[in-house]
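The values are calculated or read from the model by the stated rules, or taken from the named source; none is laboratory data. This structure is a prediction, so every number in the text was calculated from the model and none was measured. Here the Cβ positions follow ideal geometry from the backbone for every residue, glycine too, while neighbour counts run over all protein chains shown.
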Amino acid sequence: MFCRPMICLLALVAIPTLLQAEEKLEESPYFPLKIGNAWHYRRGDGVALIVRVAKHEKVGDHPCALLETEIDGRVLAREHLGVTKDGICRFAANGGLADPPFVVFKLPAVKGSTWTVKCKVGPTPVQGTFRLDEAKLEVPAGKYDAMVAITEDSKANDIAVSTTQYYVKDVGLVKQLAKIGDRSFLFELEKFVPAK
């Protein structure tokens, strides 16, 4: 006969590990992070890119969504986003951990809310202040009422960064204006393809 008490003991030891592995990613309506969701953007210079939720995995102890950005079928960037009590946070970008993870969109989404960021992403120091506003806008994907996350005084590695990001409930990021040093970027949503 097998030693049943030993099997029971092993099962009890394994249960917490299995439960931890099944911990679900918390969702936010302002950035739906279901595996397979895809956002098709057009850059200001006409280049098309797709941001897709590739999978859910933990960064440290926190469940995150791995988002991959691809152009012409090649993945050019990766980031891990997760939802905390403070908001939608970046936990890692292109292999560099954010220490501490930083809020890219504050929750609950209330016009006039502000927050500060001071962290390192890999070896790069990042700091700045953000605020939330509201706006109506039109992009190729349609007309929306959006919450807008704005920073005008941020720095990454002592390079000035300003961004204006428009988030829409049940869709996610629909437009981004960014200035990094002396370079400007514009991304607008052409379509959001929810996972099946």
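Taking into account only those residues within segment 98-109 that are in a strand (DSSP E or B) and free of Cβ contacts under 8 Å to residues at least 60 places away in the same chain, which is nearest to residue 136 (Cα to Cα)? Give the steps one after another, and end with the answer.
Of all residues in segment 98-109, those in a strand (DSSP E or B) come to 98-106.
Subset that is free of Cβ contacts under 8 Å to residues at least 60 places away in the same chain: 98-103, 106.
Working: 98: 32, 99: 34, 100: 32, 101: 29, 102: 26, 103: 23, 106: 19 Å.
Filtering first and then ranking leaves 106.
Please pick out the residue among 58, 85, 106 that is under 20 Å from residue 127 (Cβ atoms) and either touching a helix residue (DSSP H, G or I) at 6+ places or on another chain (Cβ under 8 Å) or of a type in the set (D, E, K, R) (or both).
Numbers: 58 fails: under 20 Å from residue 127 (Cβ atoms); 85 fails: under 20 Å from residue 127 (Cβ atoms).
Every option except 106 fails the conditions.
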Note on segment 143-157: residues exposed (fewer than 14 other Cβ atoms within 10 Å of the Cβ) and either within 13 Å of residue 109 (Cα to Cα) or without any contact (Cβ under 8 Å) to a residue 24 or more places away in the chain (or both) are 143, 145
Residue 196 meets each of (1) part of a strand (DSSP E or B); (2) in contact (Cβ under 8 Å) with a residue 60 or more places away in the chain with one exception, condition (1)
Checked segment 110-140 for anything buried (at least 19 other Cβ atoms within 10 Å of the Cβ) and either aromatic (Phe, Trp, Tyr) or outside any strand (DSSP E or B) (or both); matches are 130
Given (1) without any contact (Cβ under 8 Å) to a residue 12 or more places away in the chain; (2) within 17 Å of residue 193 (Cα to Cα), residue 55 misses just (1)
Within segment 163-187, of all residues that are in a loop (DSSP other than H, G, I, E, B) and in contact (Cβ under 8 Å) with a residue 60 or more places away in the chain, the one surrounded by the fewest Cβ atoms within 10 Å (Cβ to Cβ) is 170
Report task. Kindly establish whether residue 145 is modelled with pLDDT under 95, out of contact with any helix residue (DSSP H, G or I) (no Cβ under 6 Å at 6 or more places or on another chain) and not aliphatic (A, V, I, L, M). Result -> no
